[in-house]
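Step one of this worksheet: look at the structure below.
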Amino acid sequence: MSRGGRELAETPGPGPVPHLQVGEWQDAYGLTAGITTRDREFDLGLFGPGRAASVLAHWSEFHQSFGSRFPDVVVSRQVHGTAIQFYETSPGGWQVTEGFDGHSTSTPGLLLAITVADCVPVYLAHPSSGAVCLLHAGWRGTAAGILEAGVSRMEELAGVAPDDIVMHCGVSICGSCYEVGPEVVRALTGRQSEGPETVDLRGELASRADRVGIRDITVSPWCSAHDADRFFSHRRSGGTDGRMVAFLGLPGS
Ligand SMILES: [Zn+2]
């Protein structure tokens, strides 16, 4: 493995809901992993600037599109923390929780979801047991150790070693588009910087994953800020854009 991980591009998935999917995970592991896009202005930001009626209609369409493969879906109001919710059983239907930036389960038919528009969706899976974990990782969560928390959670719950975990860093803002101040550089790397610098969050997450023993790491080439027609970007829009949903789960049927 190269230090930054192998490049793996999400490709358009089937059906009317605009999305990209990690086809390799479907083919190799039977896992559903992907992210919605901004085609049709398909905003799924429950706590963003979008009109509630249209956001809720999009969520209904998103949920229904999975049919019997995923009767249940969970999402949370995210707080850029490191709390990860584990679901031993499906909550039944669509559940919105409070304060979790990660979700984990081994239950088939339960789709984990997070909302993003520049932050990194981190997909973790233990393919032989079907255990999955989906993390929302911006700079704060990354610096606070949400990746390490997710790996620990999978070790506790599924009893797996990190080198049996596969990881994908999905669609997010790229290194050249993400300029941050010295306080962010310091929080992420421990390094002092003189002024603003660009930061590659996915590269940072891949390095951290390598340090905790994950060997199979892939990184999306897509940038949410570069490709304005395809993705929502908080940074590029000055905070006015909608949200995409990244999703991960083992189908129930
Ligand atoms: Zn970019």
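Taken together, the values in this text are just the output of simple stated rules run on the coordinates, not laboratory data. Keep in mind the model is a prediction, meaning the values are calculated, not measured. So basically every Cβ, Gly included, is an ideal-geometry build from the backbone, and we count neighbours across all protein chains shown.
Under the rule a/c < 1.5 gives rounded, and otherwise a/b versus b/c splits prolate from oblate, where does the stretch 1-43 land using the Cα gyration tensor?
On the way: a/c = 3.46, a/b = 1.67, b/c = 2.07.
The shape class here is oblate.
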| note | Residue ranges of DSSP H helices in the chain that stretch 15 Å or more (Cα, own long axis) and have mean Kyte-Doolittle hydropathy of at least -1.0 are 52-65, 146-158, 201-212
| request: Using the number of other C-beta atoms within 10 angstrom as an exposure proxy, rank D39, D101, D27 with the fewest first. | output: D27, D39, D101
| query | Normalised by the residues of the chain, what does the relative contact order come to in percent, with Cα pairs under 8 Å and at least six apart? | reply | 26 percent
| Using only helices, what value at 222 nm comes out for the chain when you add -39,500 (n - 2.57) per DSSP H run of length 4 or more and divide by the total residues, to the nearest 500 deg cm²/dmol? | -7000 deg cm²/dmol
| message | Given axes a ≥ b ≥ c from the Cα gyration tensor, I'd like to know whether the stretch 48-188 is rounded (a/c under 1.5), prolate (a/b larger than b/c) or oblate. | response | oblate
| said: Go through the cysteines of the chain and tell me which have no other cysteine Cβ under 4.7 Å away. | reply: C119, C133, C169, C177
| remark: Counting all Cα-Cα pairs in the chain, those more than 25 Å apart amount in percent to 37 percent
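Considering only DSSP states other than H, G, I, E and B, which chymotrypsin sites (Phe, Trp or Tyr not before Pro) in the stretch 1-107 qualify as loop sites with at most 16 other Cβ atoms within 10 Å?
For chymotrypsin sites (Phe, Trp or Tyr not before Pro) across the stretch 1-107 that sit outside H, G, I, E and B with at most 16 neighbouring Cβ atoms in 10 Å, the list reads F47.
Which shape class, rounded, prolate or oblate, goes with the stretch 1-128 when its Cα gyration tensor gives a ≥ b ≥ c as root eigenvalues, a/c under 1.5 marks rounded, and past that a/b bigger than b/c marks prolate?
The shape class here is rounded.
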